């Protein structure tokens, strides 16, 4: 195995490692942003059902 071939393989491995690291950081940043946005949402009361409890449908 020649030296240039060995160095080429190492460079490719380093590029792969850096790419994975960048993707991992981007994923973590996206997840953190999503959690922060969800925490900032105002808490809402559950909506009432439009007719539950006021109408009875009985078929015979």
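Numbers below:
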item: Largest-first principal axis extents, alpha carbons of the chain, Å; result: 88, 36, 7
item: Mean Cβ count within 10 Å, highest first, over the residues of peptides 4-12, 44-52; result: 4-12, 44-52
item: In degrees, nearest ten, helix 3-40 long axis to first principal axis of the chain (Cα); result: 20 degrees
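Every number in this text was worked out from the coordinates using simple rules, so none of it is lab data. These numbers were taken from a predicted model, which means no experiment stands behind them. Cβ sites come from the backbone with ideal geometry, for glycine too, and all protein chains shown count toward neighbours.
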